[in-house]
Amino acid sequence: MDTARLLPWSSPEGKPCFLLGGTGTGYVSRLADRVEAEQMGAAAECIEEAGDVLAGRSWTPGELHLLAVELNAHLARVHRVSESRGARLVRWEGGPDGDDEEEDGEGGADDAGGGSAPAEGFPDRSGPE
């Protein structure tokens, strides 16, 4: 592994945690993968709930505030996961010598995460509609 993996949790002081070295198949890597999957699932559920709240058009200021707090927390977690996966994707696509070989046994279609098509249910924001 060329660089450290950003883990999906912080230290008690709020500092980022990293995993150094390894093949990506050890206990901490598997735990991080599981935590990332749980965070992504929770974010998807929050998005669905937010849609329901907003569609109802009968919210109170307190409900909107709570919704904004929850969405902010989930967005921060998803951003952290995307940074971690993006860093691993760059390594997977090709190292400094330009080869497209996978170096540490990680990667594959599930790690790619962000092709050129927009996510399901979201409009393509890359150009005028």
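Ordered from highest to lowest accessible area with the whole protein assembly present and a 1.4 Å probe, C17, C46 read as C17, C46.
Eigenvalues of the alpha-carbon gyration tensor of segment 33-89, scaled by 5 and square-rooted, set the equivalent ellipsoid semi-axes at 27, 10, 8 angstrom, largest first. Rolling a 1.4 Å probe over the heavy atoms of the protein chains gives segment 33-80 an accessible area of 71 Å² per residue. Run the accessible area of segment 1-82 with a 1.4 Å probe and give the carbon-and-sulfur part as a rounded percent. After summing per-atom areas, the C and S share lands at 61 percent.
A simple charge model with +1 on the Cβ of Lys and Arg, -1 on the Cβ of Asp and Glu and nothing else charged puts the dipole of segment 36-87 at about 200 debye relative to its Cα centre. Couplings 3J(HN,Hα) of segment 62-76, computed from phi: x, 5, 5, 5, 4, 4, 5, 5, 5, 4, 4, 5, 5, 4, 4 Hz, in residue order, whole Hz [Karplus 6.51 cos²θ - 1.76 cosθ + 1.60, θ = phi - 60°; x for Gly and Pro].
The values are calculated or read from the model by the stated rules, or taken from the named source; none is laboratory data. Everything quoted here is computed from the prediction, not taken from an experiment. So basically every Cβ, Gly included, is an ideal-geometry build from the backbone, and we count neighbours across all protein chains shown. The area values use the complete protein model at the heavy-atom level, side chains included, leaving out ligands, DNA and RNA. Shrake-Rupley method; radii C 1.70, N 1.55, O 1.52, S 1.80 Å.
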